[in-house]
Amino acid sequence: MYAYDELDRTLINERVSEFRDQVKRRLSGELTEDEFKMLRLQNGVYLQLHAYMFRVAIPYGTLSSVQLRRLAHVARKYDRGYGHFTTRQNIQFNWIKLAELPDALADLAEVGIHAMQTSGNNTRNVTSDQWAGVAPGEIEDPRIWSELLRQYTTLHPEFSFLPRKFKFAITASAHDRAAIKVHDIGLRLHKNAEGETGFEVLVGGGLGRTPFIGKTIKPFVHGHDLLSYVEAILRVYNQYGRRDNIYKARIKILVHELGIEKFAKEVEDEWLQMRDSALAIDDAVIEDIRSRFSYPAYEKLPHMPEELKKAAHDPLFERWRKNSVFTHKVQGYSIVTLSLKPVGGPPGDATADQMDAIADLADQYSFGEIRVSHEQNLALPHVAKRDLPALWKALDKIGVATPNINLVSDVIACPGLDYCSLANARSIPIAQELTRRFANHDTANLIGPLHINISGCINACGHHHVGHIGILGVEKNGEEFYQITIGGRADENAEVGTLIGPAVPYGEVADVVEDIVEAYLALRARPDELFIDTVKRLGVEPFRERVYATR
Amino acid sequence: MPLVKGGKITADTFVPVADDAELPGDGAILISAARFLGDAEALSRRAGKLGVVWPNNRDVDDLVPWLDRLAVVALAFPSFRDGRAYSQARVLRERHGYRGELRATGQVLRDQFVFMLRAGFDAFEVKKESDAEAFAATVKRYSVFYQPTGDGRITALHRRMQLRHSESAGQ
C-alpha cells in the first residue's frame, strides 16, 4: 500500500474546497453550464440520463480496507446503496445529487480518495496490473512508477486542457494484465541488454470509434527520463493534436496521420531540449516513493498446508480454487479474485454491504488490501493458503465467489442505455442473459478461457474491440442491434476483433454467442486450444457460416 | 475586460491596434503576430513599447529572434477548453528565457489562474469582473504542487526529500 502524507492530503483537501466553490457558483448561476461542464468533468462528475454520475479514482487499482469502507459509506449515504467498478480502475455512483457532491468528496478525501481527472480532456487515472507487487516474475512493483505518474499528471498546469482525454497504463510483467496496448501511452517495464531497468513506451493505442493498437515509440527509456519523455509526448500532442473534430482529437489519430516515425522524431526533438530539466528524476526520489509503499510482513508458510489438503475433498471448494485462486510470488500465499459477475447480475456492481464485508475479509485475510481489475472484478492480493477454505465460505456467503473468472460468463460490460446518455443500446441485460446461459460451470469450464466484452455504443467503454467475442450495441430505426466481432484481445498480443457479419437484433444476441461457442467446440484442434487461438488459426469464416447459415 | 497584473486589477497601458489601422507614432501598442512579422525589424525599432498577440496555433519559435525587444507577448485562449497557449507560455519562459510580460487573453476564467501562473503568465485579461476581483484569493487556493515548472515552486516530491533530510539532520 502507498501511504498519502500531509502533502498529498493537503492537495486533495484544497481540491475539494475549490470544487465546493465551483458547485456553489454553478448553483448560483455565476457559472454557465458550459463553463461548469469542464470543471465538473475534471472532478469526475457527468450528467447522465437520470442523474449526475460520479466517478472516483482508484489509482493503479489499489485500495485499503479503510478506503473500501468509505466507498461503501458514499454508496449508502449519497447514492442508492451500490457502486459500479469500471474497466479503468474507477468506481462510479449513478444517483448522486450535485449539491451533495462536495460533501461526498470531502468524506472520501479523509481516507485519501479523490475524483480528480477521472474524466475531462486531461490525463486520466493511471492504471496498472491488478497483481502489481505480488505477481510472480514481475520486474519490480510497477506501482512505484504509477504513483510517480499519478503525482506528475495530477493538476498538471500545461496538460489540463488537452485536445481530448489521455490514458496511461503500466505493467511490469510479461503477461500484460493492464491492457497497455490500448492506451494513449502504454508503459512496459523491462530490463535492457545491460541489465538496466526502463520502459518500452507505446503510444497511440485506443478503442472507441477508431480502434488502434499502440505502437512502440521508443524501446527503452530509462526511469530517470520517464517524466521528461512523457512530457515531450504530451507537449507535441497538446500543440498538434486536432481540435477541429472531437472524433479525430485523440493522440492515436495524430500518430496515425503523421506516422509513428515522424511523430517519434517530433517527440525526440522536444525531449532532447528538456531531458535534463527539473523533470529528470534521480534515484533518491524513486527510493523515497518506494519507501512509502508498505508490504505485508509475510510469514514463512508451507506450500501445501493441511487446511488446503483437507478442503480439497470438497468439489465445490476445489472448483472455486482452480478458477479463482492464483499463484503469488511468496510461497504459501495466493492471489484471490472475487467475481463481481454473479449469475444474472450486472457486471462490476457491488453493494455497500458487500463492500463492507470485503473490507472486513481483507483485514482478516489480506493485510487490509484490495485490488480492482479492469475486468471489473476485485482481488485480495495476499491470502495465506491455509485461509483459503475459510475465505471461500465467507466470499460465497456475500455472493462474490462465483467460479467464473476468465470464463465465458466473466463478462465485461459498460452501463449502456440503462444509465448512460451516450449509449445506443443496452449492455447490462445482455450480460445478465449471457451469465444465465453459461451458468453451468462444467460447460463453461469445458469451453475454457473466453472473454466477452459488451459496449452499448461506439465509445467502447466495455472494450468490445478487444473481447475474444465483442458485442457492440448500435441503433437502427429506433431498435437495438448488435455487431459481433471475434478474435480481439487486450493482453501482450493485443488485437482488434473482426466483424463476423451483419448486426443482429437484441433478442438474438445470446443465441448468436451460443452459436459461436458451439462452432468453436466443434472446430478446435484439441480440447486445450483456446477460443482465441482457434479464431486465429481459422479466421472468422467458419464462425460467420455457423451464425448466419440459419439467419 | 479587466486586466490583472501584479495580482491587482490594473489599467491597461497598451492600446490594441487593428491590422488595418494606422500606428500611433509613439506609446505602448499591442498588434497582431501577422502585422508584427510583416515588418518586425522596423516595428521593433519604433518609439514606444510593443506587444504582440500570438495565436495559439503558430510556433513560438518564429517569435524567438525578437523576444528581447517585446514588452508584452499576449497568448490567446480562444476557448478555455483549448490549452495550447499553456505549452507556448512554458516554452517561451523556460526554453527561450522570455522575461517580459506574458499575458493571457481570451476566455480567461478564475479556474485557470493557478495553471496559468504556473505556466509563466503574469498578466491576465479576465473575462469576468468577479473573477478578476477574486484573483488574489483564487491563486492562494493551492499550496502543494506536484510538477516542476519554470515558476520555481518546489514539488511535493522534493519537499518530502527536504523534510526527510532535515529530520535526519535533527536526530
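The values are calculated or read from the model by the stated rules, or taken from the named source; none is laboratory data. As the structure is a computational prediction, the values presented were derived from the model and not from experiment. Cβ atoms come from the backbone with ideal geometry, glycine included; neighbour counts cover every protein chain shown. Surface accessibility is based on the protein's heavy atoms, side chains included, excluding ligands, DNA and RNA. Shrake-Rupley method; radii C 1.70, N 1.55, O 1.52, S 1.80 Å.
Each part gets one Cα centre, and for region A:407-434 versus region A:59-116 those centres are 22 Å apart. So how tilted is helix B:156-170 from the main axis of chain B? Cα-based, degrees 0 to 90, rounded to 10. Tilt of helix B:156-170: around 40 degrees. Calculated from the alpha-carbon coordinates, region A:381-505 shows an Rg and a Dmax of 16.4, 57 Å respectively. For an R0 of 60 angstrom, estimate the FRET efficiency from the Cβ-Cβ distance between B:Glu133 and A:Tyr298 and round to the nearest 0.05. Once rounded, the FRET efficiency stands at 0.55.
Spin-label pair A:Asp442-A:His175: with each label point 7 Å from Cα along the Cα-Cβ axis, the two points sit 2.7 nm from one another.
What dipole magnitude, in Debye to the nearest 20, does region A:62-124 give about its Cα centre under +1 on Lys/Arg Cβ and -1 on Asp/Glu Cβ?
200
Pairing chains B and A buries close to 4100 square angstrom of accessible surface in total, based on protein heavy atoms and a 1.4 angstrom probe.
Among the listed pairs A:Lys37/B:Lys8; A:Lys167/A:Lys476; A:Lys24/A:Lys97, those whose Cα-Cα separation exceeds 22 Å are A:Lys37/B:Lys8; A:Lys167/A:Lys476. Among the listed pairs B:Lys5/B:Lys127; A:Lys218/A:Lys262; A:Lys181/A:Lys265; A:Lys191/A:Lys300, those with a Cα-Cα distance over 19 Å are A:Lys181/A:Lys265; A:Lys191/A:Lys300. When the convex hull of its Cα atoms is viewed from all sides, region A:441-551 shows a mean projected area of 7.2 nm². Within the same chain, lysines fewer than 8 places from A:Lys397 are excluded, and of the rest, those with a Cα less than 20 Å from its Cα are A:Lys322, A:Lys341, A:Lys385. Taking the chain by itself as reference, region A:144-187 contains these residues with an accessible-area loss of 50 Å² or more in the full protein complex (1.4 Å probe, heavy atoms): A:Gln151, A:Pro157, A:Glu158, A:Phe161.
Based on Cα contacts under 8 Å between residues 6+ apart, region A:291-397 shows a relative contact order of 31 percent.
Convex hull volume per residue, computed on the Cα atoms of region A:169-231, equals 78 Å³. With only alpha-carbon pairs counted, each pair once and no self-pairs, how large is the Kirkwood hydrodynamic radius of the protein assembly as shown in angstroms? Radius from the Kirkwood sum: 27.3 Å. For region A:287-381, the equivalent ellipsoid built from the Cα gyration tensor has semi-axes of 23, 22, 12 Å, listed from largest to smallest. Determine the shape class of region A:170-319: with a ≥ b ≥ c the square roots of the Cα gyration tensor eigenvalues, call it rounded for a/c under 1.5, and otherwise prolate if a/b is greater than b/c, oblate otherwise. The shape class here is oblate. For region A:70-191, the per residue solvent-accessible surface stands at 22 Å², with DNA, RNA and ligands left out and a 1.4 Å probe. When only Cα pairs below 8 angstrom with a gap of at least 6 residues are kept, region A:156-219 shows a relative contact order of 25 percent. Dipole magnitude for chain A: computed about the Cα centre from +1 point charges on Lys and Arg Cβ and -1 point charges on Asp and Glu Cβ, it is near 880 debye. Here each label is just a point 7 Å from Cα along the line to Cβ, and for A:Gln364 and B:Asp62 those points are 6.9 nm apart. Quick one: compute the contact order of region A:118-233, relative version, from alpha carbon pairs under 8 angstrom and 6+ residues apart, as a percent. Once normalised by length, the contact order is 21 percent.
Based on the Cβ-Cβ distance of A:Asn477 and A:Tyr4, what FRET efficiency does E = 1/(1 + (r/R0)^6) give at R0 = 45 Å, to the nearest 0.05?
Working from the Cβ atoms, E equals 0.30.
Restricted to Cα atoms, region B:35-171 shows a radius of gyration and a Dmax of 17.9, 65 angstrom. Dividing the helix sum by the residues of chain B, where each DSSP H run of 4 or more adds -39500 (n - 2.57), gives a mean residue ellipticity at 222 nm of -7500 deg cm²/dmol. Full extension of the segment from A:Leu272 to A:Arg20, taken as 0.36 nm per residue of separation minus the current Cα-Cα distance, would add 86.6 nm. Beyond 18 Å, what percent of the Cα pairs of region A:290-331 remain? Value for region A:290-331 (Cα pairs over 18 Å): 45 percent.
Among B:Phe14, A:Thr443, B:Gly120, pick out the residue whose Cα is farthest towards the positive end of the charge dipole of the protein assembly as shown, where Lys and Arg carry +1 and Asp and Glu carry -1 on C-beta, about the Cα centre. Most positive-ward Cα: A:Thr443. Taking 0.36 nm per residue of sequence separation and removing the Cα-Cα distance, the B:Gln107/B:Arg69 pair yields an extension gain of 11.0 nm. Look at the dipole of region A:242-300 built from charges on Cβ: of A:Ile253, A:Ile289, A:Val267, the Cα furthest out on the positive end belongs to A:Ile253. Taken along the Cα-to-beta-carbon direction at a fixed 7 Å, the label points for A:Ala193 and A:His222 span 1.7 nm.
With +1 on each Lys and Arg Cβ and -1 on each Asp and Glu Cβ, how big is the dipole of region B:106-154 about its Cα centre, in debye rounded to the nearest 20?
Its charge dipole is roughly 200 debye.
If R₀ is 41 angstrom, what is the calculated FRET efficiency for the pair B:Ala11 and B:Gln162, using the beta carbon separation as r and rounding to 0.05?
Values: r = 41 Å, r/R0 = 1.00.
The pair B:Ala11/B:Gln162 has a calculated efficiency of 0.50.
Give the residue from A:Tyr240, A:Phe220, A:Ala423 lying farthest towards the positive end of the charge dipole for the protein assembly as shown; charges sit on Cβ (+1 for Lys and Arg, -1 for Asp and Glu) and the dipole is referred to the Cα centre. My answer, from the dipole projection, is A:Ala423. Accessible surface area normalised per residue over region B:97-171 is 43 Å², counting heavy atoms of protein chains with a 1.4 Å rolling probe.
Using the Kyte-Doolittle scale, which helices in chain A average at least -0.5 and also have C-alpha atoms spread 20 Å or more along the helix axis, with helices defined as whole DSSP H runs? Span-like helices in chain A: A:226-240, A:509-523. Counting only protein heavy atoms and a 1.4 Å probe, tell me what percentage of chain A's accessible area is made up of carbon and sulfur. Ligands and nucleic acids excluded, carbon and sulfur reach 52 percent.
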